Amino acid sequence: MYHLRLKGDYYQMGVKRGNIFQKAHISFPLQLDDFQLEHGKRSEEILRKFFPEICEEVRGVSDTIGTDYLHFISWMLCMGCCMYNLENNIPVEVRGCTAFAYSSNGRTIYGRNNDLPPYLRGGSKSEIYAPKNGNRFNITTSSFINGEEGVNEHGLAVAMTFVMTDLEKIKAGFNSCFIVRYLLEKAGNTEQAVSLLMGLPVASNCNILLADKKGNMVVVECTPILKKVRAAEAFVNGSIVCTVNSFTSNEMKPYDDANGNDYDSHKRYRTVIDSFSSERIKDEYIETTQHLLKGDYGFMCQYDNEPDFETVWSSIFDLDSLVIYRAEGDPRKNKFVTDSRLYNLIRRG
């Protein structure tokens, strides 16, 4: 996993990344069909309306590596949405992830297993951003510029999970990973993030988990035509919210097009909720959350019978301290290592 720091002007952040790509001789097979190119073009117009700064960051990359900006950003906007010709494109759709947050005894903890084909593990990144006129944040990603999860300087965690969408239902808009980046940079708490998200055009089905250091947490179940806010579940020891690769609320289940092909989403969801309600998650919050992510309390990351699929990283965010704990690879085989970069950045002012 790469650990990059970016700060300041958006275009120059893109130039820095582009130079890194060039030095590493990284190239991008931008193989898009007419549908994908049109989707990307229309989605770029929406992205530019809401988040023009990130378009400049992408342009910094494309200018530096010498590729067409619109083609490049179209490819990025198709990720996790309509990248169906997977054998010709990287990265593949994010389909097997579990994310949750819980609040107990004044502590708010977020956790995630990010499950992908193993060849994406080496290119995954944990990046610190300090953009001009934006929130400072840590973002974890199997891509770049956008991401699957993160936490910002205000103690707001944002995470996505993929939900299958029929191609005929996809609309121009933000894909889930650009939503994560946008909310990390623009929102200070869960309430603000929900308000911003409700105004965003969303390209395809996804879940967006939001949790802040005050213990306010929700999952917003999103489709291109409808969004529903799902509240946390309350138990004697606190409250918890979890999201996997399906919609949980009855109202939204008809919009899920996976037909059960979702890497045992229901099992993973039940493992998380049952582990909290049975008080296996207790005062040693970081340690017991690690046990949960490792699968010690039930099915979470045990993809041993799945060819070319595994947990490529596990994360725990302490939203009060902004300290991150991360296992780079299958958490059953890799230790959780403390990442204090965001904490140190905020402490320095």
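The table for this structure:
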read-out: Count - residues of region 194-217 that are under 15 Å from the mean Cα position of the chain (by Cα) and either among the acidic types (Asp, Glu) or within 15 Å of VAL241 (Cα to Cα) (or both); value: 5
read-out: Residue match in region 112-123 (condition: at pLDDT 95 or above and among the hydrophobic types (A, V, I, L, M, F, W, C)); value: no
read-out: Some residue of region 139-146 being within 11 Å of the chain's Cα centre (by Cα), in a strand (DSSP E or B), within 20 Å of THR311 (Cβ to Cβ) and among the hydrophobic types (A, V, I, L, M, F, W, C); value: yes
read-out: Identity of the residue in region 304-332, under 12 Å from PRO118 (Cβ atoms) and either without any contact (Cβ under 8 Å) to a residue 24 or more places away in the chain or more than 20 Å from the chain's Cα centre (by Cα) (or both), that ends up surrounded by the most Cβ atoms within 10 Å (Cβ to Cβ); value: GLU306
read-out: Residues (part of a loop (DSSP other than H, G, I, E, B) and not basic (Lys, Arg)) located in region 95-125; value: GLY96, CYS97, ASN105, GLY106, PRO117, GLY122, GLY123, SER124
read-out: Index of the failed condition, ILE139 passing every other in (1) aliphatic (A, V, I, L, M); (2) surrounded by fewer than 20 Cβ atoms within 10 Å (Cβ to Cβ); (3) in contact with an Asp or Glu (Cβ under 6 Å, 6 or more places away or on another chain); value: (2)
read-out: Sole residue being part of a strand (DSSP E or B), of a type in the set (A, V, I, L, M) and either touching a Gly at 6+ places or on another chain (Cβ under 7 Å) or in contact (Cβ under 8 Å) with a residue 60 or more places away in the chain (or both), chosen from VAL220, VAL180, VAL151; value: VAL151
read-out: Scan of region 183-207 for residues that are without any contact (Cβ under 8 Å) to a residue 12 or more places away in the chain and crowded, with 22+ Cβ neighbours inside 10 Å, ordered by number; value: none
read-out: Filter result for TYR129 (assigned to a strand (DSSP E or B), touching a helix residue (DSSP H, G or I) at 6+ places or on another chain (Cβ under 8 Å) and surrounded by 18 or more Cβ atoms within 10 Å (Cβ to Cβ)); value: yes
read-out: Single match in GLU149, GLU191, GLU185 (criterion: within 11 Å of the chain's Cα centre (by Cα) and either under 20 Å from ALA211 (Cβ atoms) or not assigned by TED's automatic domain parsing to the domain that holds ASP308 (or both)); value: GLU149
read-out: Counted residues, region 254-272 - those being of a type in the set (A, V, I, L, M, F, W, C) and surrounded by fewer than 18 Cβ atoms within 10 Å (Cβ to Cβ); value: 1
read-out: Set LYS294, LYS282: member being surrounded by fewer than 15 Cβ atoms within 10 Å (Cβ to Cβ), assigned by TED's automatic domain parsing to the domain that holds ALA211 and either of a type in the set (Lys, Arg) or over 30 Å from PRO224 (Cα atoms) (or both); value: LYS282
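The values are calculated or read from the model by the stated rules, or taken from the named source; none is laboratory data. Remember, predicted model here, so these are calculated numbers, not experimental data. Positions of Cβ are generated from backbone atoms using ideal geometry, with glycine treated the same way; all protein chains shown enter the neighbour counts.
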